[in-house]
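Have a look at the structure below before the remarks.
The values are calculated or read from the model by the stated rules, or taken from the named source; none is laboratory data. Bear in mind that the values here come from a model prediction, so they are computed numbers and not experimental data. Methodologically, a virtual Cβ is constructed for each residue, glycine included, from the backbone with ideal geometry; neighbour enumeration extends over all protein chains shown.
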Amino acid sequence: MSDIFRFRSADFWWLAVGVAAIALTTFVYVRWLHLANPATVSTTFLLLVLVVAASASLGAAIIVSFVAVLSFNYFFLPPVGTFTIADPQNWVALFAFLAVSLVASNLSARVRSREREALYRRDELARLFDLSRDVLMVTDSSDAITLMARSIARRFDLGFVAIGLPHATGWDVFAGGTHPIELDQQQLWSTFAAAQASLEFDAASRTYSGHRTIPSDGQQMTLVPLRSATRPIGVLAAAGRTIEPGTLDALAGISAIAVERAQFLDERKAAELTRQSEQLKAALLASLGHDLRTPLTAIRVAATNIRETALSPEERVDQTALILSEVERLTRLFQNILEMARLDAGAVAAEARWSHPSEIIAAAETQVDASLKGHRLNIRAEPDLPIQLDPRLAAAAVAHVLENAAQYAPEGSDIDISADVEADGLVIRIQDYGPGISPNDLPHVFERFYRGDAAQGRTSGTGMGLWIARGLLAVQSGRIWAENAPGAGARFTVLIPVSTKATEAVAGTGTTETT
C-alpha cells in the first residue's frame, strides 16, 4: 500500500493536472453547456482518469478517481448540490463508475510497471554485455581486477564496488567507484565461509545462496560470493543504489571470469617469458658453439703448424696472420655479447659531440676491417658537414651493418656507403650486391639471433649484429630499416637525429631551426 502512494515529482504534476481537468470539465458542463446527462459526464470523467493512470502512478490515478466520483455525485446526480443519492439506480451508476475507474487505473499502472521492468531488464542486459566486453578488452593482467571494479561501478552507476580475493594472511581488495568505503575483513571472511558451506539456487530471485546486506558508512552494502564453477574464489561488494539480486549474481559471475582471466594472463605471460628465455639460451649456445668452434680450431691448427720446423718464414707469417685474424674474430664475438648485455641492462648512454659523417664511416670501417677484406667500399660523404651526435655509438652501429653486408655479399663484390645530412638528420645508406633479403626474412632481420633460412650453414655469424645496431641507434633516438635495392642486393638505411653548426649559429641569434 505504501508503494502505491509513493509519488515522484511527475506524479504530483499529473495529479494536479487531473484534478484541474475534472474541475474545468465540471464547470463547462454545469455553467456553460448546462449538461446533466450522467452517461456523458461519467464517460468524460473516466477518460480523464485513464489519461492520468496512463501517465502517473496508481496512487495518483486513485485520487483522481475519487475526486471524479465526488464531483459526479455532487454536481450531476440528484439531488444536485449534495452528496446524497436518492435514486438507487444512481448508486449503481456511481459505484460502477468508481469500479471501472479503479480497475482501468490498476490495469494501466500494471502495464506501465511491466514497461518499466522491461526497460530495466534491457538496460541491465546492455550493461552486462558492455561489462563482458570490458573484460575481453583488458589485456594488462596487473591492473585487470582493478579495472574490472571500476567498470562495474561506471556501468551500473554504483558509488562503490570492490572485488576481494583471499590469501593466507588476509584479503587483496581491488576497489572502484567515487565513494570509497573501508571493508571489514571479518565480514568478507564470513561471506566467504558461508559460500563454502553450501550452494543453493533460488529460481524466484535467480540467485545463488550467500548474499549478505550489511550497513557500512551510512548506506547498505551487498556482499556476493564470487564462484568459479561451484568453488568460491572471492567476494564482490557493491553499494550506492539498489540492484536486483539476480543482476548482482550475474555481476559476480562476470567478475569471477575476469579474475580467472587475469590469472590466466599472468600464467601465460610467465610461460611466454620462460619460453623466450629458453629460446634465447638455446640460440645463444648454438651461436656461440658454432662461432667459437671455428676460430678455435683454426687457431689450434695454425699454432701447431708454427711449431713445425719445416715451415718457411713466409708460411710462418701466414699462420701468424691467421691466428691474429681468428683472435680478432673472437674479440668481436665477445664484444657483441658485452654490447648485447649492456643494451639489455639499459647501461648504454649517448654522449653527443661534434664529428663528421666521414669520420663515423672511417671508424666503422676500421672496426670490421678484417670482415671487409675481399670487398671494395664505395664511400660518398659529401658535403661532409660537422654534426653533433655520439660518434662512438653511431660508428659501432654502422660497423655491425657493414659486417652483415660483408658476410652476405659475394666475395669480390662492391659495398656502397653514402652519408647525407637531411632535414630529419644524418642518413647513412649501406648497399651490398648480394642475393638480397627473402620476403619471409625481411620482417625479422632485426630480431635477436635471427638468421634467415638461406643463411643457415652458409655464413658465420650469431644473428646479434643487426639487433645490436638497432639498440645502439635507439639510444640516440635513431632508427634503421632494411629493404631490397632495385636490381640486386640489400640496402640498410640508418637515420640519426643530429644538430649541425648552422643550427647552433641560428640558435645563437634567438631563431629556432631544426636540421
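Some notes on this structure:
- Residues in the range 34-70 that are closer than 16 Å to residue 102 by Cα, over 60 Å from the mean Cα position of the chain (by Cα) and crowded, with 17+ Cβ neighbours inside 10 Å: 42, 44, 45, 67, 68, 69.
- When the range 334-392 is limited to residues that are of a type in the set (Ser, Thr, Tyr) and touching a helix residue (DSSP H, G or I) at 6+ places or on another chain (Cβ under 8 Å), the one that is farthest from residue 478 (Cα to Cα) turns out to be 371.
- Selection status of residue 262, assigned by TED's automatic domain parsing to the domain that holds residue 225 and in a helix (DSSP H, G or I): yes
- Residue 410 meets the conditions (1) within 39 Å of the chain's Cα centre (by Cα); (2) modelled with pLDDT under 90; (3) not small (Gly, Ala, Ser) in every case but one. The failed one is (1).
- Within the range 310-357, considering residues that are free of Cβ contacts under 8 Å to residues at least 12 places away in the same chain and of a type in the set (S, T, N, Q), the one surrounded by the fewest Cβ atoms within 10 Å (Cβ to Cβ): 312
- Residues of the range 223-250 classified as assigned to a strand (DSSP E or B) and surrounded by 17 or more Cβ atoms within 10 Å (Cβ to Cβ), total: 13
- Subset of the range 395-446 (residues that are assigned to a helix (DSSP H, G or I) and either among the hydroxyl-bearing types (Ser, Thr, Tyr) or under 16 Å from residue 496 (Cα atoms) (or both)): 395, 396, 397, 398, 399, 400, 401, 408
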